[in-house]
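Notes follow once the structure below has been shown.
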């Protein structure tokens, strides 16, 4: 009986150690699963944080782009105003030359006796129209210069 008891005891000991080894393996695998889940949660949190930062950076980039476009638009508007002012000054000078030319031609033709009173009135009307256009152009020029100073 002693041998039997010893065999049974050794079998029991083997079963107990085998089952405890399985529990250790189960505990190790559960521990590994929990660690993996924690790592996954940590990685997910880092990913979300990185996505938020990327969105924030994208928003800032859009804001900067919008500001840049606004500045470019303002600069273009200023350049257009400067061009308009230059054109208006040229128009005024051209009209003033035309008025002077009309006056000079009329005086020469009067001296030569080529003009009738009707012709003189027509030329004077042309001169007056050109002078009115010059006045209007000067007013437009003044407004353009005010706009340029404001911008």
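What residue, of 88, 122, is surrounded by 11 or more Cβ atoms within 10 Å (Cβ to Cβ) and modelled with pLDDT of 95 or more?
88 is the lone residue from the list that is surrounded by 11 or more Cβ atoms within 10 Å (Cβ to Cβ) and modelled with pLDDT of 95 or more.
Looking at region 114-143, which of its residues are in contact (Cβ under 8 Å) with a residue 24 or more places away in the chain and closer than 14 Å to residue 92 by Cα?
127, 130, 131, 133, 134, 137, 138, 140, 141
For region 97-114, check the following and say yes or no: at least one residue is under 23 Å from residue 150 (Cα atoms) and surrounded by fewer than 12 Cβ atoms within 10 Å (Cβ to Cβ).
Scanning region 97-114, I find no residue that is under 23 Å from residue 150 (Cα atoms) and surrounded by fewer than 12 Cβ atoms within 10 Å (Cβ to Cβ), so the answer is no.
Of the conditions (1) over 30 Å from residue 78 (Cβ atoms); (2) touching a helix residue (DSSP H, G or I) at 6+ places or on another chain (Cβ under 9 Å); (3) loosely packed, with under 11 Cβ neighbours inside 10 Å, residue 130 clears all except one; give me its number.
(3)
The values are calculated or read from the model by the stated rules, or taken from the named source; none is laboratory data. Since we're looking at a predicted model, the values are computed, not measured. Quick reminder, even Gly has a Cβ in these numbers, built from the backbone with ideal geometry, and neighbours come from all protein chains shown.
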